[in-house]
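> I have a structure here, written as structure tokens, and I will follow up with some questions on it.
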Amino acid sequence: MDKILIEGLQPLRGEVKISGAKNAALPLLATAILCDGPLRLENVPDLRDLATMAALLRHMGGRAEIGGGSAELDLSALRAPEAPYELVKTMRASALVLGPLLARHGRARVSLPGGCAIGARPIDMHLKALAAMGAAIDLEGGYVVARAPEGGLRGAHVHFDAVTVTGTENLMMAAALARGRTVITGAAREPEVADTAAAMTAMGAKISGAGTDVLTIDGVDSLKPAACRVMPDRIEAGTLMVAAAISGGDVTITDAPHEALEAVYGKMREAGVKLTAAGDAVRISAGGGIVSADVVTRPHPGFPTDMQAQFMALMAIGDKISRITETIFENRFMHVSELRRLGADITLEGRAALVKGVRRLSGAPMMATDLRASASLILAALAARGQSEISRVYHLDRGYDRLDEKLRALGARIRRVKA
Ligand code: EPU
């Protein structure tokens with residue numbers, strides 16, 4: 001198992017390009033199930049989660065190759081419409097195949113994802129929405145066994161009481177080949193949902209309202225081969241922005257999805273960080289010290305839960321007290337006890353963390369617990385005196401495309417060792 005070693009207090013400088021977005025690429029891979037022929041994706045990052053999704057598509061009998069920044073998929077001939085526990089347990093987003101399998105093949109057998117480090121994460125809203133389209137859904141031996149009605153799924157009006165990102169994507173994919181019109185209210189407005197809708201539209205789907213909380217989908221008979229580009233990863237961009245700021249550096253990020261990052265830009269500015277956007281780039285230069293700012297995570301366009309841990313690392317060296325409230329997941333504070341090992345002063349009060357800025361963090365061994373937590377530990381180590389050692393970095397490789405290499409190219413003293 002790899003470890004990452006970091007010597008902190010080295011200001012980062014230079015330019016770095018953002019990779020394609022994990023959370024856009026995952027549903028885009030699943031859309032291949034809907035397509036009548038080959039689907040080509042560009043700007044595909046090199047991530048373990050995407051390799052897992054490709055393995056899942058191959059398990060079903062399709063062709064799915066990822067490499068060199070692109071993906072070639074062809075699921076027009078599919079043998080087994082199922083997602084086995086062995087693959088789903090390593091990646092919850094496997095549930096994204098449920099909607100497209102039901103729509104195109106009329107049946108699906110998908111392992112129920114278990115809980116994970118950040119919360120219970122049920123998929124009850126996905127299932128209820130598919131049932132509203134006429135699917136018969138049973139739970140058998142830990143699997144969701146679903147069947148479309150005679151003649152296929154039917155359009156329906158589905159309202160989500162709470163925002164669900166992959167739930168919205170699952171339903172949108174199911175509706176693309178259903179009979180008649182589906183209207184989704186309370187839909188997730190995350191940019192990755194809009195990116196998925198844009199790719200599906202290029203394949204011939206009829207979707208309007210992408211990026212808003214009302215989606216209207218008119219079912220069509222089939223989706224056609226297409227080539228689509230994955231949007232840049234707003235969370236990777238935000239993570240690198242914090243890296244620049246926390247190290248007191250001066251970094252230009254290219255291919256930055258500005259609109260998708262508005263809430264993060266706002267909080268970075270509130271934290272006293274200077275941002276200058278020009279074209280598709282944003283330059284981050286640390287001014288004086290870091291100013292403590294409060295954050296509440298919200299569905300898009302609010303501050304993303306996927307940036308909460310990284311922003312907490314920045315607040316650990318803020319000038320006063322920052323209150324960070326997590327409203328999306330019930331247990332997304334696993335990084336707190338690890339950050340404390342560096343000397344961070346953080347107290348938990350239910351769903352909020354009170355972060356009292358300290359003048360100096362100092363290096364320590366730490367253990368990554370989930371994807372965004374691992375990023376936050378790396379960021380904090382960049383601001384710590386002495387050496388830090390982060391173990392269980394496989395969490396990082398699930399969702400960041402060579403983050404350690406990118407940081408090293410910006411001057412960070414970071415290296416990966418085989419443990
Ligand atoms: N929820 C339910 N029932 C459902 C679905 C969701 O109770 O049927 C709850 C969840 O437990 C959670 C909340 O609703 O408390 C929001 O969950 P959502 O469904 O929006 O999350 P997701 O679709 O499973 C995606 C991202 C996550 C990101 C969340 C929130 C992908 C593949 N994953 O998950 O990304 O945190 O939306 O924005 O798109 C990450 O990249 O590190 C990550 C965890």
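> Taking 0.36 nm per residue of separation and subtracting the Cα-Cα distance, what length does fully extending GLU150 through ALA77 add?
Between GLU150 and ALA77, full extension yields 24.2 nm more.
> Which value, in Å to one decimal place, does the Kirkwood hydrodynamic radius take for segment 206-365 when every pair of different Cα atoms is included?
Result for segment 206-365 stands at 17.3 Å.
> So which trypsin sites (Lys or Arg not before Pro) in segment 266-337 pass both tests, a DSSP loop state and at most 16 other Cβ atoms within 10 Å of the Cβ?
Passing sites in segment 266-337 are LYS320.
> Between rounded, prolate and oblate, where does segment 70-179 land on the alpha carbon gyration tensor, with a ≥ b ≥ c its root eigenvalues, rounded for a/c under 1.5, else prolate if a/b exceeds b/c?
rounded
> Projected onto the charge dipole of the chain (+1 at Lys/Arg Cβ, -1 at Asp/Glu Cβ, origin at the Cα centre), which of ALA383, LEU354, PRO122 gives the Cα projection farthest towards the positive end?
Positive-end residue among those listed: ALA383.
> Next up: For segment 47-120, state which trypsin sites (Lys or Arg not before Pro) are in a DSSP loop and have at most 15 other beta carbons lying within 10 Å of their beta carbon.
Sites meeting the loop and neighbour criteria: ARG79, LYS89.
> Just round it to a whole percent: the fraction of Cα-Cα distances in segment 22-229 exceeding 27 Å.
Pairs farther apart than 27 Å: 20 percent.
> For the peptides 380-392, 348-360, 294-306, what is the packing order when you average, over each peptide's residues, the other Cβ atoms within 10 Å and list the highest mean first?
Averaged packing, sorted descending, gives the order 380-392, 294-306, 348-360.
> With r defined as the distance between the Cβ atoms of GLN387 and ARG58 and R0 fixed at 51 Å, what FRET efficiency is calculated, to the nearest 0.05?
0.80
> While we're on this one: For the chain, give the share of DSSP beta bridges that are antiparallel, in percent and rounded to the nearest 5; count only bridges with both residues there.
Of the beta bridges lying entirely in the chain, close to 70 percent run antiparallel.
> Tell me what the chain gives for mean residue ellipticity at 222 nm when only DSSP H runs of n ≥ 4 count, each as -39,500 (n - 2.57), the sum divided by the residue total, rounded to 500 deg cm²/dmol.
-8500 deg cm²/dmol
> Moving on. Give the shape of segment 251-318 as rounded, prolate or oblate, defined through the alpha-carbon gyration tensor: a ≥ b ≥ c are the square roots of its eigenvalues, a/c under 1.5 means rounded, and otherwise the shape is prolate if a/b is larger than b/c and oblate if not.
Oblate shape, in that a/c is at least 1.5 and b/c is the bigger or equal ratio.
> Can you pull the one-decimal nm distance between simple spin-label points at LYS3 and ALA278, each 7 Å off the Cα toward Cβ?
For the pair LYS3/ALA278, the computed spacing is 4.3 nm.
> Given points 7 Å out from each Cα along the Cα-Cβ axis, report the LEU354 to ASP138 separation in nanometres with one decimal.
Placing both labels 7 Å beyond Cα along the Cβ direction yields 5.4 nm.
> Oh, and also: Which of the aspartates and glutamates could a cross-linker span from LYS224 if the Cα-Cα distance has to be under 13 Å and same-chain partners fewer than 8 positions apart are dropped?
By straight Cα distance, LYS224 reaches ASP36, ASP74.
> Going through segment 79-178, which GluC sites (Glu not before Pro) have at most 13 other Cβ atoms within 10 Å and a DSSP loop state?
GLU150
> Once you've got the Cα coordinates, tell me which of LYS22/LYS406; LYS17/LYS89; LYS89/LYS128; LYS274/LYS356 are over 24 Å apart.
Pairs exceeding the cut-off: LYS17/LYS89.
> Less than 12 Å from a label point 7 Å out along the Cα-to-Cβ axis of ASP213: which backbone N atoms in segment 132-165 qualify, by residue?
Once the point is set 7 Å along Cα→Cβ of ASP213, 160-164 turn out to lie under 12 Å by backbone N, inside segment 132-165.
> Subtract the Cα-Cα distance of SER70 and ARG181 from 0.36 nm times their separation in residues, and report this length gain in nm to one decimal.
36.7 nm
> How long is the chain along each principal axis, judged by its Cα atoms, biggest number first, in Å?
Largest to smallest, the principal-axis extents are 66, 43, 42 Å.
> Next question. Between THR254 and ALA227, what FRET efficiency follows from the Cβ-Cβ distance if R0 is 22 Å, with the result rounded to 0.05?
Between THR254 and ALA227 the formula returns 0.45.
> Let me spell out the model: positive unit charges on the Cβ of Lys and Arg, negative unit charges on the Cβ of Asp and Glu, origin at the Cα centre of segment 22-229. What dipole size does that give, in debye rounded to 20?
I would put it at about 240 debye.
> Work out, step by step, the length gained on full extension between THR325 and ARG340: first 0.36 nm times the residue separation, then minus their alpha carbon distance; give nm to one decimal.
3.6 nm
Where a number appears in this text, it was derived from the coordinates with a stated rule and is not lab data. The shown structure was predicted, so the numbers you read here are calculated from the model rather than taken from an experiment. Reconstructed Cβ throughout: ideal geometry from the backbone, glycine too, with neighbour counts over all protein chains shown.
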